[in-house]
Structures are given as structure tokens and as C-alpha cells.
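For reference, the structure discussed in these notes is given below.
The values are calculated or read from the model by the stated rules, or taken from the named source; none is laboratory data. Quantities reported herein were computed from a predicted structural model and do not represent experimental measurements. These accessible areas exclude ligands, DNA and RNA; they are computed on the full protein's heavy atoms, side chains included. Shrake-Rupley method; radii C 1.70, N 1.55, O 1.52, S 1.80 Å.
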Amino acid sequence: MNSTTYAIRAEGLVKRYGSTTALDGVDLAVRQGTVFGLLGPNGAGKTTVVRVLATLLRPDGGTAHVGGFDVARRPEKVRELIGLTGQFSAVDEDLTGHENLMIVARLLGLSRPDARGRVRELLTRFGLAEAARRTVKTYSGGMRRRLDLAASLIGRPRMLFLDEPTTGLDPRARGDVWDLVRDMVAGGTSVLLTTQYLEEADRLADEVVVIDHGRVVATGTPDGLKAKVGGQTLDVRPADRTAAGAVAAIVAEAAGTAPVRDGADGVVSVPVEAGRSGTEVLTAVARRLDAEGIAVNELGLRLAGLDETFLSLTGTPPVAPVPAGRGGEDDRKSR
């Protein structure tokens, strides 16, 4: 692989903790200027991969290069190129947003005038200029996460590691972080993203790797992985949720498979088995619904979602991130 094409190259990474093998021959190839998603169930080894690539852990086997530098032999060079945002905010709550960023800038060796200029630029870019002189303890969760991201960008890293960057954030704040990540990549930064929000990977990642028990079990684009799993899913959302039972009976008869009912929004979903035409099943359901006089707000076919793909590849359903302020489970067995 050409180091000018790939921001990260890893081959056969191994990391052991006593009798536990956290990484068992992991290969990665992250193209420059892209978002690379690292997915896997809790304890799969995602955070261990990040720690090895960020030079916080030495691998027990295999090789890894970041920006062309070996993480084991030239860790000081790797650190000059990277930024890291962990699962939980690392900012000081008793300092202001401006003070937090100034400390990081000075520690990175920026002169006082250069530090002020860079801090001002990032506070504006991340929508924190008006709150810059307030203590961080008064910030919302989304503001703290934006400040944390800003701190990781002070040194203008070529490679940014985001380990569960939106854990505990509400949907609006999560969307804000997504927009910021897209802006970073548009500016030439390469991003390695670990996440338990599969929608996040689907929205942001150009390529993804799924790891399980320390091994790579699948790699490709989000759409490519969904296509590998194959099949279609029929979704029906009745206008009246009390009609969900009748809808489920109609769908089951047409598809020949028991559907799944989502109690939260009343959607009835059923996979279309291999060898059957999704269009024919949809048409049969539409006719029965019309004959029964059941109105629907949604009726359509879709490819398998990343959640279903994840379950198919790992045998484990995706786990929602823990709320802000609680400890994560990922790689707990290896800590």
C-alpha cells in the first residue's frame, strides 16, 4: 500500500492482556481524506485498536503505520500528526472554554500570539465564541463535546481518532458533531471513527470494518456490507397504531414470515425471504390493506439496515451508548 494514499496501514495487529487476546491479527487500510468506521460489539477490541494507533499501547504483534510512521518505532512522529477525542470529554470544567484551548495550544508549543489566534479561530468555527469566557461546568453536553473536538484540532492533525464521539448527546447535538466531522474531512483531515450508533457510521463513514473478538469479520462500504447480507425488508406504518395487529396479520400472510412490530411508532417490518420478489409481496400487502380499508402512512421496501447487517455479521445486536457520565463497556475486559 502506498503511504501517500493511506493515512493508516495496519497488518496483523495483535494485543494481549494476560490470557486474553484483545486483537487477533487486525488489518486496516484507511484512505486519506475519508471517514473510516470501526464497528463491533462491546469488548470487540475497538478502543484497543485506537490506543495502539495513537501510540498509547504497544502492539504485541503485527505492524501499524500512521502517516507513514511506524507507531512502535516512531511514536513521537505519529503524535505530531494525530488528534484524539476519547469516549468522554477531557476538558477542565473549572476553566473557561478559552482557557482550556489556550492550555492545549501552549502545551503544543504555539507562541502566545499564535495560540490566541488559533483558539479564536476554533471557538468561532465550533460555535463557542459567545461562551468562550464561561466556565465549562456551565456548558451543555453538546458544547463540551464541541470544545473537546476543538482541543483535538489545535495542532492541525492530519489524522483524527474519534472514539465514541457522540456518546450521551441528544439527536440535535449529535447532528452538530456530524456536521463538524464532515467539515474536517472536507478540509483534508482523515478520521477513524469508533461508534455504537450504527446510524452514525451509515451517515459518516466512507468505509467500515466490523471486528468481533479481536478479529476483522467484514470490511467494505456501509452499502456494500448491507448488500452482502442481502435481502429486503418491507416496512408498514399504519396511520392508526391500533391497527398494527391487523397489519401484522396481513403482512405475515403475504410474506410467509412473522413480522416484527415496533411498539414505539407502530411500524410492522418483515424480511422478504431469498427467492421471493419484494415487489410482489409489497403489492399483495397493498391490495389487502386497501380491501380492509386500513390507511397507512408508510409502505415500502428497503435494503437491510446497518443494524441488521451488524447482527448478521457478529451475532450480537448493537448496543446503544451509555448516557453521558457513565462508564463505557467497550474493551472493559482488556482494561
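A few points about this structure:
- Gaussian network model of the chain, springs between alpha carbon atoms under 10 Å - residue of LEU204, LEU180, LEU289 with greatest fluctuation: LEU289
- Heavy atoms of THR5 accessible to a 1.4 Å probe, total area in Å² rounded to 10: 60 Å²
- Maximal additional length on extending the ARG16-THR283 stretch stands at 90.7 nm, based on 0.36 nm per residue less the C-alpha distance.
- Cross-link pairs LYS15/LYS77; LYS15/LYS226; LYS46/LYS226 - those with Cα-Cα distance over 27 Å: LYS15/LYS226
- For ILE211, the residues whose modelled amide H falls within less than 5 Å of its own, excluding neighbours fewer than 5 places apart on the same chain, are LEU39, GLY40, VAL217.
- Rounded to the nearest 10 Å², the accessible area of HIS213 at probe 1.4 Å: 130 Å²
- Fluctuation leader among ALA291, ALA249, ALA132 - the chain, Gaussian network, Cα springs under 10 angstrom: ALA291
- With a 1.4 Å probe rolled over the protein heavy atoms of all chains, the accessible area of TYR139, TYR6 falls in the order TYR6, TYR139, largest first.
- Across the chain, Cα pairs under 8 Å and at least six residues apart give a relative contact order of 22 percent.
- Over the chain, dividing the summed -39,500 (n - 2.57) contributions of all DSSP H runs of at least 4 residues by the number of residues returns a 222 nm mean residue ellipticity of -10500 deg cm²/dmol.
- Mean silhouette area of the chain, derived from the convex hull of its C-alpha atoms and averaged over all directions, reads 19.8 nm².
- Solvent-accessible area of LYS137, all protein chains in place: 120 Å² (probe radius 1.4 Å, heavy atoms, ligands and nucleic acids excluded).
- The mean of 1/r over all distinct Cα pairs in segment 70-228, once inverted, gives the Kirkwood hydrodynamic radius of 16.8 Å.
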